[in-house]
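The values are calculated or read from the model by the stated rules, or taken from the named source; none is laboratory data. Because the structure is a prediction, the values reported are computed rather than measured. Ideal geometry is used to build each Cβ from the backbone, glycine not excepted, and the neighbour counts take in all protein chains shown.
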Amino acid sequence: MIPTDPYIVGFSDSVHDRSVCLFHGTRPVVAIEEERLTRQRYGIDFGGLDRRDEGVFRKLKLDAGSGDDHGRRLKPLIDYCLNAAGIRESDVTLWIGNSLHTAFPLYDRAVYINHHLAHAASTYFGSGAARAAVLVIDGYGDSVSSESYETVSIYRAEGAEMELVHRVAGVPDGLHLSNSLGIFYRIATLLSGFGVVDEGKAMGLAGHGQPRYSADIMKHVRFETDRVLIDNEAIWAGCQHLRFDATGDQADVAASFQSVLEEIVLYYARLAKTLTGEDHLCLAGGVALNCVSNQRVLESAGLATVWAFPAAADNGISFGAAYFGAHVLYRGGPAAGLKTPFLGRGYTRDEILAALETIADGVVVEEVGPMECSRRAAVAIADGRLVMWFQEGSEIGPRALGHRSLFGDPRLPHARDYINASVKSRESFRPLAPMVLEEEAPEWFSCERSPYMMFTPSVRSQTRRVTPAVVHADGTARVQTLTADDNAVVHAMLCEFKRLTGVPMVINTSFNIHGEPIVETPLDAVRAFADSPVPVLCIDGFHVVKREHEQ
């Protein structure tokens, strides 16, 4: 007998980006990523190892340990979700997940599904589409033989049916895995001068360069009729001279790898359309976080629509597993799609007050309510001040979408440099994203709806002229569009900012300081605020100003 609206716990126990989510029937209720609780980015403790070492993952022995060990790591995430929903473990009908370890956590109770299938389910059911082609590209998935691992998977999806129509696998060779675009871009990241898990930096730097090394890379890439053969070990060995480019221009290295990546992703997007006959494409896997290649697919693959799950990396595996349980195992009917990314737990007024008490001597606190906070935030931003914004439950995925955000004035040419240097303590080339009223977006960018920062449309001429702080070096922007249904309070702030300035957007970057994940708790937020030069914090209806900035 199929239970009515069962509680389902989905989990991801990958080597990075662990997560847990709780569904009630087909509806996501709450979710959390390990890094938000441990305060270690991606949930990885590098233990002082040099992340620029290509063998760092092997040195960490991330696959070691027992199922119980990994279960203990998941326990705080499970407790977070169950406590937020007010239920107990005994209330959960289905535990479902994926592990890329040799030891499986929760083995006594859980169902396990294929890694790429979980990725595919996250983006297909999360899209709400009735039918679609689904393309999964990441570093590696489950083993398909004793010596090979999934690297690319294509599914045809309709209703609750998901059919695997094509699979590409890779074989370990030295330190690297062949035919893996995720490993290819990790090599790109290392050769561009960054460390493991810094792929976002390489993507940002690529916009500043020219792809003058693409031919060197393409010597080790071969396009066949149904797959792209990528010799990652040969690329690593043959492109070592690029790691310390004599010109010092690592931007060209990043741009070259980015260019090749886009060609390969575009090839697979077209192949997915051909093999499935579908015009709607859903993307997942870590490579789907490359919003530049997503844009290329959107513009050039001949598809009607392209959708990417906001937690496209392994943090989305928990969602895919839960979606699969709800719609396939329990036959939950048509998918409604992801209605909101804001699935963290809420925090009480007492928890917020306790956090604010830790910095009471240095700030002025007023409890004014969310809408008055939004008005005051708009005024402060229009006056050239930065505002840290904390609202209700946190968003899933790596990008701040308005519940854990830092807002600023996009009209100020120096805003990007100031935020990167003085607030984030990060590289000057890193772009900042615009959050724009959705109805106004087409006048400023070549896009319409883009709620999750998963694409990089080109900017209009007035955008370059009026809001230079959100225009990347290549003339694009990682846009987030916003409607009142998405977030009524922040939408009101954008409307007020437009009334004050004539500009319907603000800078939106993540609420965190250097080296830390996005803040999760009120105490995380207050500590980051106190350690930054930002003058204003809005936190669930409390307006907080540092005394030295009080007017």
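Here are some notes:
- Taking region 60-86 as the range and being outside any helix (DSSP H, G or I) and over 17 Å from TYR107 (Cα atoms) as the test, the residues that pass are LYS61, LEU62, GLY86.
- Filtered by the rule that a residue be closer than 22 Å to GLY182 by Cβ, out of contact with any helix residue (DSSP H, G or I) (no Cβ under 7 Å at 6 or more places or on another chain) and outside any helix (DSSP H, G or I), region 268-288 gives no residues.
- Residue within region 438-453 that is modelled with pLDDT of 95 or more and in contact with a Gly (Cβ under 8 Å, 6 or more places away or on another chain) present: yes
- Residue satisfying all of: in region 272-302; in contact with a His (Cβ under 7 Å, 6 or more places away or on another chain) and among the hydrophobic types (A, V, I, L, M, F, W, C); nearest to HIS115 (Cα to Cα) among these: ALA284
- Selection within region 93-109: residues that are β-branched (Val, Ile, Thr) and closer than 20 Å to HIS70 by Cα. The member of this set that is surrounded by the most Cβ atoms within 10 Å (Cβ to Cβ) is ILE96.
- Tallying residues that are small (Gly, Ala, Ser), part of a helix (DSSP H, G or I) and without any contact (Cβ under 8 Å) to a residue 40 or more places away in the chain within region 87-120 yields 1.
- When the residues of region 393-422 are filtered to those that are in contact with a helix residue (DSSP H, G or I) (Cβ under 7 Å, 6 or more places away or on another chain) and surrounded by fewer than 20 Cβ atoms within 10 Å (Cβ to Cβ), the one that is farthest from LEU437 (Cα to Cα) is PRO413.
Rundown of residues vs (1) touching a Ser or Thr at 6+ places or on another chain (Cβ under 8 Å); (2) of a type in the set (Gly, Ala, Ser), yes/no style:
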site: ILE187; (1), (2): no, no
site: GLY193; (1), (2): no, yes
site: PRO211; (1), (2): yes, no
site: THR225; (1), (2): no, no
site: ILE264; (1), (2): no, no
site: TYR268; (1), (2): no, no
site: LEU281; (1), (2): yes, no
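- Residues (touching a Leu at 6+ places or on another chain (Cβ under 9 Å) and either surrounded by fewer than 19 Cβ atoms within 10 Å (Cβ to Cβ) or free of Cβ contacts under 8 Å to residues at least 60 places away in the same chain (or both)) located in region 171-182: VAL171, SER178, ASN179
- Test: residue in region 317-329 that is under 15 Å from VAL228 (Cβ atoms) and in contact with a helix residue (DSSP H, G or I) (Cβ under 6 Å, 6 or more places away or on another chain): no
- Selection status of THR483, surrounded by fewer than 16 Cβ atoms within 10 Å (Cβ to Cβ) and of a type in the set (Val, Ile, Thr): yes
- Exclusive hit being in a loop (DSSP other than H, G, I, E, B) and either in the same structural domain as SER318 (by TED's automatic domain parsing) or surrounded by fewer than 21 Cβ atoms within 10 Å (Cβ to Cβ) (or both), set PHE46, PHE11, PHE23, PHE57: PHE46
- Residue in region 153-161 that is touching a strand residue (DSSP E or B) at 6+ places or on another chain (Cβ under 9 Å), modelled with pLDDT of 95 or more, within 23 Å of ALA237 (Cα to Cα) and of a type in the set (D, E, K, R) present: no
- The listed residue being in contact with a helix residue (DSSP H, G or I) (Cβ under 6 Å, 6 or more places away or on another chain) and under 16 Å from HIS543 (Cβ atoms), out of VAL379, VAL387: VAL387
- Residue in region 100-122 that is outside the structural domain of ALA272 (by TED's automatic domain parsing), among the β-branched types (Val, Ile, Thr) and in contact with a Ser or Thr (Cβ under 9 Å, 6 or more places away or on another chain) present: no
- Checking GLY337, GLY346, GLY369, GLY333 one by one, the residue that is farther than 30 Å from ASP5 by Cα and surrounded by fewer than 15 Cβ atoms within 10 Å (Cβ to Cβ) is GLY369 and no other.
- Whichever residue in region 110-127 is within 24 Å of the chain's Cα centre (by Cα), closer than 19 Å to LEU74 by Cβ and among the aliphatic types (A, V, I, L, M) and, among such residues, is surrounded by the most Cβ atoms within 10 Å (Cβ to Cβ): ALA118
- Pick from region 500-548, criterion closer than 26 Å to GLU438 by Cα, under 24 Å from the mean Cα position of the chain (by Cα) and of a type in the set (S, T, N, Q), ranking: surrounded by the fewest Cβ atoms within 10 Å (Cβ to Cβ): SER510
- Looking at region 289-379, the helices (runs of 4 or more DSSP H) lying wholly inside it that each contain 1 or more residues that are among the polar types (S, T, N, Q) and free of Cβ contacts under 8 Å to residues at least 60 places away in the same chain sit at 291-300.
- Residue in region 390-410 that is more than 25 Å from LEU281 (Cα to Cα), free of Cβ contacts under 8 Å to residues at least 40 places away in the same chain and of a type in the set (A, V, I, L, M) present: no
- When region 266-296 is limited to residues that are under 18 Å from the mean Cα position of the chain (by Cα) and of a type in the set (A, V, I, L, M, F, W, C), the one that is nearest to GLU161 (Cα to Cα) turns out to be CYS282.
- Checking each residue in region 432-478 for being in contact with a strand residue (DSSP E or B) (Cβ under 8 Å, 6 or more places away or on another chain) and in a helix (DSSP H, G or I) picks out GLU438, GLU440, ALA441, TRP444, THR463, ALA469, VAL470.
- The residues of region 461-480 that are over 21 Å from the mean Cα position of the chain (by Cα) and surrounded by 19 or more Cβ atoms within 10 Å (Cβ to Cβ), listed by number, are THR463, THR467, ALA469.
- Only one of VAL260, VAL253, VAL197, VAL265 that is in a loop (DSSP other than H, G, I, E, B) and hydrophobic (A, V, I, L, M, F, W, C): VAL197
- Looking across region 479-517, the residues that are farther than 17 Å from PRO451 by Cβ, assigned to a loop (DSSP other than H, G, I, E, B) and at pLDDT 95 or above come down to GLY502, VAL503, PHE511, ASN512, PRO517.
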